[in-house]
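Peer 1: My questions will all concern the structure given below.
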Amino acid sequence: MAPTNEAEHKAFAKTQLSIQHLTHRYGDDEVLSDINLDVTEGEFITFLGPSGCGKTTTLRAIAGFITPTEGRVLLDGDDITDLPAHKRPVNMVFQQSTLFPHLDVGQNVAFGLEVAKVPKAEREKRVREALSLVKLEGFERRRATQLSGGQRQRVNLARAIVNRPKVLLLDEPLSALDLKIRLDLEVELRRVHRELGATFIYVTHDQREALALSDRIAVFNQGRIEQLDKAEVLYREPNSQFAASFVGDANVFAIDIASIGDATVTTTDGLELPLITDQAAVGPHWLVVRPEDVRFDTDTAGVEATVMDAAFRGASVTYRAECSALGASIKAEIPDEIPGTTIGRQVQVSWSGQRARLLPRQV
Amino acid sequence: MQYQTRRSIPTLLTTIGALAFLFVPLFIVILFSFHATDALTPPFEGVSLRWYREVLADDAVRDGLFTSLRVAVLTAVTTLIFGTAAAYGVSRTAGRAGAAYATLFLLPIAMPGLILGVALLSFFSNRSISLSTLTVVIAHTVFVAPVFFIVARTALDRIDEAQLEAAADLGATPGYRFRKVILPQVLPVLLAGAAMAFVISFDEFIVTFFVIGNESTLPLVIFSRLRRTIDPSINAISSLLLFLNLALWLAALLYSLRLEARRRRDALAQVQG
Ligand SMILES: Nc1ncnc2c1ncn2[C@@H]1O[C@H](COP(=O)(O)OP(=O)(O)OP(=O)(O)O)[C@@H](O)[C@H]1O
Ligand SMILES: [Mg+2]
């Protein structure tokens with residue numbers, strides 16, 4: 001896309017939520033380190049990262065359940081860092097279901113509206129709308145205990161969106177569900193996001209979910225944001241080895257570049273590898289290649305490898321080959337089975353030099 | 001695995017003996033409350049309700065009964081209010097401070113009624129607080145509060161903190177959270193606790209004896225009657241109290257069984273998802 005469009009978009013769109021230098025410590029344990037993030041109104045942002053990296057803690061600082069050790073949280077330009085949770089126009093869907101067991105589904109969803117003293121007629125109307133948005137029409141009189149896990153999670157979602165919050169925080173709302181329901185709910189979530197026009201901050205440690213849902217993804221690692229970018233950019237141009245291996249599948253090779261050619265680089269071991277980049281430099285690097293960019297050939301030139309495994313994935317076949325020259329195993333995702341590539345067979349591995357990405361590596 | 005004792009003649013005899021020891025006196029008390037004559041020992045010489053009539057017509061007994069009821073109701077109410085506040089405060093106080101408060105609230109349970117009575121009496125006279133049913137209510141509240149505290153805490157601790165966060169997130173103030181999220185879930189248990197406070201207060205004797213003024217509660221009336229005459233009217237009062245107590249416990253038991261059944265059903269439904 002054109003960079004001018006991006007700049008224009010930035011100029012017109014309003015920053016709604018701003019997190020500035022957020023740091024949080026439990027005792028001596030620093031779980032968030034200088035988190036900075038500006039979220040545009042109506043954006044769908046995802047926090048992606050491994051377990052324990054601080055995603056929930058960041059959400060809790062936004063929702064008002066913790067006061068950060070340092071840093072500020074701004075909503076529409078107002079500092080809300082010290083505002084208690086019940087005064088923030090932000091709603092959260094928790095990692096575990098938190099439905100009130102003494103209330104039925106309708107009463108659960110109506111809870112926030114009753115707090116806000118919304119008149120009964122409008123309350124009922126909005127509860128009905130919220131329930132139909134999550135495809136649970138007519139479930140008002142059911143008890144929370146009479147719902148399936150997926151239905152319960154959808155009621156949690158309805159209970160949050162019914163209040164029309166400016167910002168909706170979703171903490172792994174789908175993690176407890178099986179793949180089929182997850183895929184369905186992902187579609188519903190995107191639709192709900194479009195229909196509400198609210199800002200969504202979504203937490204997950206599932207990179208597939210992050211790529212499928214988000215406008216932008218913040219990759220968390222050990223209490224820091226490693227990279228914050230659009231899904232495609234993050235996938236195509238990861239700027240750290242962590243981001244590369246966490247977002248999508250990736251082959252990451254540790255190489256040492258001796259010389260740079262036209263469409264290739266040559267390593268100190270004398271291997272010639274496909275790479276087209278303007279950032280190539282001599283020295284130690286990480287070379288990142290996505291599995292779908294890898295080719296296996298039996299005749300043309302490439303890096304020698306031995307096929308170890310082939311797994312049928314429906315739309316594609318995933319091969320794994322052992323490459324002694326690179327000292328690594330290579331994953332390749334190829335649309336069709338390649339004739340003659342039986343396990344144990346020698347193949348020539350190559351990849352698109354344009355798609356490969358080079359990252360600096362400390363030694 | 002359940003531990004089982006071997007069935008043998010000696011075990012059987014001990015069991016029967018123990019049960020007899022527990023229940024025969026009760027049975028005799030009830031039986032002779034219906035005695036036609038004023039004898040308290042066998043032989044039993046005919047059935048009549050005269051002792052019940054006499055007791056119910058007695059002003060001292062009636063006054064005692066009303067005093068006891070008033071004290072027990074007031075005790076139940078004050079215990080309900082203060083006990084709930086204490087248990088709620090402790091259950092929301094994290095870490096060591098919470099544990100310390102809990103121990104403090106529970107401590108009176110280890111105190112014999114005799115010592116509590118003496119301590120409160122000297123406290124009241126020290127402050128020149130004149131003894132009355134009010135001082136009895138204060139004393140009873142001190143006496144039963146720890147028991148209520150335990151019951152209330154168990155119920156309050158069962159409420160997940162995350163539920164309260166969810167309520168706060170939906171805009172509920174602390175007061176609203178307490179009224180609309182916590183209270184509806186613990187009220188049955190709190191009421192059962194208050195009923196317990198009522199029953200304990202109703203037949204409490206030792207502490208009452210120390211801190212009562214001119215009036216008398218029913219246990220004190222019975223005691224003074226016993227010292228004057230011993231006839232089946234005492235049996236009639238005792239039987240009445242026994243029936244009242246039994247009725248209360250039975251109601252509480254049925255109620256808690258129903259609650260438990262509902263909880264089981266909900267838990268089961270949750271598992272089946
Ligand atoms: N109340 C607490 N006291 C002390 N440490 C805590 C507390 N809550 C969280 N932590 C620690 O803070 C770190 C970040 O926790 P957080 O819940 O934000 O992780 P997360 O990214 O949401 O992980 P997950 O994907 O498993 O939910 C973890 O190391 C955790 O152990
Ligand atoms: Mg989490």
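Just so it is clear, none of the values below were taken in a lab; they were calculated from the coordinates. As the structure is a computational prediction, the values presented were derived from the model and not from experiment. Please note: Cβ atoms are built from the backbone with ideal geometry, for glycine as well, and neighbour counts cover all protein chains shown.
Peer 1: Ratio of alpha-carbon Rg to the 2.2 N^0.38 Å globular estimate for chain A, to two decimals, please.
Peer 2: This ratio for chain A stands at 1.17.
Peer 1: State, as an integer percentage, the relative contact order of region A:197-300 based on alpha-carbon contacts under 8 Å between residues 6 or more apart.
Peer 2: Once normalised by length, the contact order is 18 percent.
Peer 1: What is the set of long-range amide H partners of B:S216 at a cut-off below 5 Å, with H atoms built 1.01 Å from backbone N?
Peer 2: none
Peer 1: Another question, then. On a 0 to 90 degree scale, rounded to 10, what angle separates helix B:9-33 from the longest Cα axis of chain B?
Peer 2: 70 degrees
Peer 1: Here's another thing I want to ask about it. Can you run phi through the Karplus equation (6.51, -1.76, 1.60; θ = phi - 60°) for region A:235-240 and list ³J(HN,Hα) in whole Hz, with x for Gly and Pro?
Peer 2: Using θ = phi - 60°, the values come out as 6, 7, 10, x, 10, 8 Hz.
Peer 1: Averaging sequence separations of C-alpha pairs under 8 Å and six or more residues apart, then dividing by the length of chain A, give the relative contact order as a whole percent.
Peer 2: So the answer I get is 15 percent.
Peer 1: Return the calculated 222 nm mean residue ellipticity for chain A, to the nearest 500 deg cm²/dmol, obtained by summing -39500 (n - 2.57) across DSSP H runs with n ≥ 4 and dividing by the residue count.
Peer 2: Value at 222 nm, helices only: -7500 deg cm²/dmol.
Peer 1: Right, here's the next one. Determine the percent antiparallel among the DSSP beta bridges restricted to the protein assembly as shown, to the nearest 5.
Peer 2: 75 percent
Peer 1: Under a point-charge model restricted to the Cβ atoms of Lys and Arg (+1) and Asp and Glu (-1), what is the dipole moment magnitude of chain B relative to its Cα centre, in debye to the nearest 20?
Peer 2: Taking the Cα centre of chain B as origin, the dipole is about 600 debye.
Peer 1: Across the protein assembly as shown, how many lysine pairs, 8 or more positions apart or on different chains, have C-alpha atoms separated by under 16 Å? Please give the number.
Peer 2: Eligible lysine pairs with Cα atoms under 16 Å apart amount to 8.
Peer 1: Here's something else I'd like to know. For A:T204, B:T41, what's the fewest-to-most ordering of other Cβ within 10 Å of each Cβ?
Peer 2: Exposure proxy ranking, most exposed first: B:T41, A:T204.
Peer 1: Once phi is turned into ³J(HN,Hα) by the Karplus curve 6.51 cos²θ - 1.76 cosθ + 1.60 with θ = phi - 60°, what whole-Hz value does each residue of region A:134-149 show in order, with x for glycine and proline?
Peer 2: 9, 6, 10, 4, x, 8, 3, 8, 6, 8, 4, 6, 9, 10, 7, x
Peer 1: So what is the calculated 222 nm ellipticity per residue for chain B, using -39500 (n - 2.57) for each DSSP H run with n of 4 or more, over all residues, to the nearest 500 deg cm²/dmol?
Peer 2: -25500 deg cm²/dmol
Peer 1: Calculate how steeply helix A:3-12 sits against the longest principal axis of the alpha-carbon atoms of chain A, using the helix alpha-carbon long axis, and give the answer as 0 to 90 degrees to the nearest 10.
Peer 2: Around 10 degrees separate the two axes.
Peer 1: How large is the Kirkwood hydrodynamic radius of the protein assembly as shown, in angstrom, based on all distinct alpha carbon pairs?
Peer 2: 31.5 Å
Peer 1: So, one more: Amide H of A:L170: which non-local residues (sequence gap of 5 or more, or other chain) have their own amide H closer than 5 Å, using H built in the peptide plane?
Peer 2: Placed amide hydrogens put A:V93, A:I201, A:Y202, A:V203 under 5 Å from A:L170.
Peer 1: For region A:249-360, with only Lys/Arg (+1) and Asp/Glu (-1) charged at the beta-carbon, what is the dipole magnitude about the Cα centre, in debye rounded to 20?
Peer 2: With only Lys, Arg, Asp and Glu charged at Cβ, the dipole is about 240 debye.
Peer 1: I'd like the orientation of helix B:133-157 relative to chain B: the angle between its Cα long axis and the longest Cα principal axis, in ° from 0 to 90, rounded to 10.
Peer 2: On a 0 to 90 degree scale, this one is about 50.
Peer 1: Given H placed on each backbone N at 1.01 Å, which residues far from A:G71 in sequence or on other chains put an amide H within less than 5 Å of it?
Peer 2: Amide H neighbours of A:G71: A:T23.
Peer 1: Give, as a single signed number, the net charge of other residues whose beta carbon lies under 10 Å from the beta carbon of A:V317, with Lys and Arg counted +1 and Asp and Glu -1.
Peer 2: Once all neighbours under 10 Å are counted, the net charge is -2.
Peer 1: Output the relative contact order of chain B, whole-number percent, from Cα pairs under 8 angstrom with separation of 6+ residues.
Peer 2: Over chain B, the number comes to 30 percent.
Peer 1: Once phi is turned into ³J(HN,Hα) by the Karplus curve 6.51 cos²θ - 1.76 cosθ + 1.60 with θ = phi - 60°, what whole-Hz value does each residue of region A:282-290 show in order, with x for glycine and proline?
Peer 2: 6, x, x, 9, 9, 10, 10, 10, 6
Peer 1: Give the residue from A:L326, A:V39, A:G248 lying farthest towards the positive end of the charge dipole for chain A; charges sit on Cβ (+1 for Lys and Arg, -1 for Asp and Glu) and the dipole is referred to the Cα centre.
Peer 2: Sorting the options by dipole projection puts first A:V39.
Peer 1: Along the positive direction of the dipole of the protein assembly as shown (beta-carbon charges: Lys, Arg +1; Asp, Glu -1; about the Cα centre), which of B:A39, B:L19, B:Y52 reaches farthest?
Peer 2: Toward the positive end, the furthest listed residue is B:A39.
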